[in-house]
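Please read the structure below before turning to the comments.
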Amino acid sequence: MSDLAAIITAATGLLVALGGAIAWLWNKLENRFTAIEQRAEGCEERSAVQTTVIELLWQELERVTPDGSKVLARALKLLNDLKEPHR
């Protein structure tokens with residue numbers, strides 16, 4: 001019976017250590033994903049500001065040069081593509 005108790009004790013110790021390792025790994029991954037999500041939110045905010053600035057500059061350029069040039073038409077298409085959410 002003492003062999004069985006020793007095996008159970010060893011198995012319990014192994015499971016506790018394994019559970020601790022899994023919890024540590026889970027916390028590392030969770031912290032990493034949280035940091036990535038925060039950086040992604042910052043990028044989205046910055047992208048929105050940059051898109052707004054580009055649109056304002058484009059509108060001013062169109063006001064100054066209302067001839068409907070091909071370059072401005074292409075710039076408008078790219079700007080509209082930039083404003084569409086990514087699929």
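The values are calculated or read from the model by the stated rules, or taken from the named source; none is laboratory data. This one's a predicted model, so the numbers in the text were calculated from it and none came from an experiment. For neighbour counting, all protein chains shown are included, and Cβ atoms are generated from backbone atoms with ideal geometry for every residue, glycine included. Keep in mind that these areas ignore ligands, DNA and RNA; they rest on the heavy atoms of the full protein, side chains included. Shrake-Rupley method; radii C 1.70, N 1.55, O 1.52, S 1.80 Å.
Within the chain, what whole-number % of the accessible surface is contributed by carbon and sulfur, with the 1.4 Å probe and all protein chains included in the calculation?
Within the chain, the accessible surface is 66 percent carbon and sulfur.
Mind pulling the angle between the C-alpha long axis of helix 70-83 and the longest principal axis of the chain? Nearest 10 degrees, somewhere in 0 to 90.
For helix 70-83, the angle is close to 30 degrees.
Using 1/(1 + (r/R0)^6) with R0 = 22 angstrom and r between the beta carbons of residue 44 and residue 77, what's the FRET efficiency to the nearest 0.05? Walk me through the intermediate numbers first.
On the way: r = 22 Å, r/R0 = 1.01.
After rounding, the FRET efficiency stands at 0.50.
Ignoring everything except DSSP H segments at least 4 long, calculate the 222 nm mean residue ellipticity for the chain; use -39,500 (n - 2.57) per segment, divide by total residues, nearest 500. Walk me through the intermediate numbers first.
Working: 2 runs with 77 residues, N = 87.
Helix-only estimate at 222 nm: -32500 deg cm²/dmol.
For the Cα atoms of the chain, what angle does the longest principal axis make with the long axis of helix 2-64, in degrees from 0 to 90, nearest 10?
Computed tilt is about 10 degrees.
Can you give the log10 of the normalised intensity I(q)/I(0) at q = 0.19, 0.27 Å⁻¹, computed with Debye over equal Cα scatterers of segment 2-83?
Summing over Cα pairs of segment 2-83 leads to -0.88, -1.16.
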